[in-house]
1. Among the listed residues L70, L77, which satisfies the condition of being closer than 27 Å to N187 by Cβ and modelled with pLDDT of 95 or more?
2. Go through the residues of the range 146-153 one by one and say whether even a single one is over 19 Å from the mean Cα position of the chain (by Cα) and not aliphatic (A, V, I, L, M).
3. Against the definition (touching a Pro at 6+ places or on another chain (Cβ under 9 Å) and outside the structural domain of N109 (by TED's automatic domain parsing)), how does S8 come out, yes or no?
4. Do we have A137 as free of Cβ contacts under 8 Å to residues at least 40 places away in the same chain, more than 25 Å from N12 (Cα to Cα) and surrounded by fewer than 22 Cβ atoms within 10 Å (Cβ to Cβ) here?
5. Condition (residue is within 30 Å of G146 (Cα to Cα), of a type in the set (A, V, I, L, M, F, W, C) and either more than 17 Å from the chain's Cα centre (by Cα) or in the same structural domain as E40 (by TED's automatic domain parsing) (or both)) applied to the range 190-198: is it met by at least one residue?
6. Given N109, N176, which one is more than 17 Å from P59 (Cα to Cα) and of a type outside the set (S, T, Y)?
7. Do you know which residues across the range 185-209 are within 10 Å of T69 (Cβ to Cβ) and among the aliphatic types (A, V, I, L, M)?
8. For the range 39-59, which residues satisfy the criterion of being among the charged types (D, E, K, R) and either touching a Cys at 6+ places or on another chain (Cβ under 9 Å) or buried (at least 21 other Cβ atoms within 10 Å of the Cβ) (or both)?
Amino acid sequence: MKLTLGFSPCPNDTFIFDALVHRQIDTDGLSFDVVLEDVETLNQWAMEGRLDITKLSFPALFRSLENYTLLNAGSALGKGVGPLLVRKKENEISDEDIKNQIIAIPGINTTANLLLSFAYPEATRKQAMLFSEIEDAVAGGRADLGVIIHENRFTYQQKGLEKVADLGDIWEQRMNMPIPLGGIAINQSVKRSIALKTEDLIRKSLAYAFANYPQVSDYVKQHSQTMSEEVMRQHIQLYVNNYSLDLGRRKKSHRCSSIGFQNHTGTR
């Protein structure tokens with residue numbers, strides 16, 4: 001049986017799904033037609049019910065519950081993993097001024113936009129764009145501020161930008177909950193038995209990836225061409241954790257310390 005599967009080209013997703021889509025594990029009769037897209041495109045497709053299985057932001061999931069059910073494997077939640085609000089170093093902007101600034105965001109349906117609204121509800125002058133364009137938009141003056149996600153957390157200072165606020169920290173301090181970034185959902189038209197099998201295969205794919213870490217596979221490198229391997233590993237270690245294996249797991253460590261990263265702290 002073939003299922004359509006959509007996820008982002010970012011290292012955390014390609015790390016999780018590599019073994020699954022390349023059949024490095026036994027897929028038990030399932031095969032996958034893979035589509036790599038930025039998360040906001042996947043969010044919009046989810047609201048149309050386009051794919052069988054998809055990565056999506058949690059705000060988009062809540063708008064797509066008539067089409068999709070969340071799987072317990074493959075998600076990105078955790079602490080210290082939230083988006084950052086950044087500015088050019090020379091631009092002094094107070095908290096009071098933020099509501100008047102043009103802010104570049106990686107999509108209306110993203111968790112990044114949700115957390116921005118949570119932290120700064122009066123900030124409404126938002127400009128949606130591809131997440132990878134936000135650094136340059138702020139550095140080039142097309143936006144006053146930007147909400148950055150994914151690997152841009154590790155590169156924004158190289159573009160002459162500095163952090164205004166960690167939107168994830170604000171969420172954690174007020175809510176005392178992990179930051180809900182993105183999940184993997186399956187179309188409700190897919191049989192429950194297939195959904196459970198898919199969930200199990202994602203865990204097996206992730207276990208395979210952990211077993212080979214800190215090696216970065218060619219698949220991850222292929223879709224992260226602008227990153228060094230060190231940044232890829234930082235990205236993976238930040239966004240892949242125990243919640244990626246099972247949303248029900250609540251442990252003191254949120255960095256998979258008991259699973260795959262414990263011997264590689266030097267790469268953080």
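The values are calculated or read from the model by the stated rules, or taken from the named source; none is laboratory data. Source: prediction; values computed, not measured. Note that each Cβ is placed from the backbone with ideal geometry, even for glycine, and that neighbours are counted across all protein chains shown.
1. After ruling out the rest, the residue left standing is L70.
2. No, the conditions are met nowhere in the range 146-153.
3. No.
4. Considered against the rule, which asks whether it is free of Cβ contacts under 8 Å to residues at least 40 places away in the same chain, more than 25 Å from N12 (Cα to Cα) and surrounded by fewer than 22 Cβ atoms within 10 Å (Cβ to Cβ), A137 comes out as no.
5. No: zero hits.
6. Residue meeting the stated conditions: N176.
7. A185, I186, V190, A195
8. If the condition is that a residue be among the charged types (D, E, K, R) and either touching a Cys at 6+ places or on another chain (Cβ under 9 Å) or buried (at least 21 other Cβ atoms within 10 Å of the Cβ) (or both), then E40, D52, K55 are the ones that fit.
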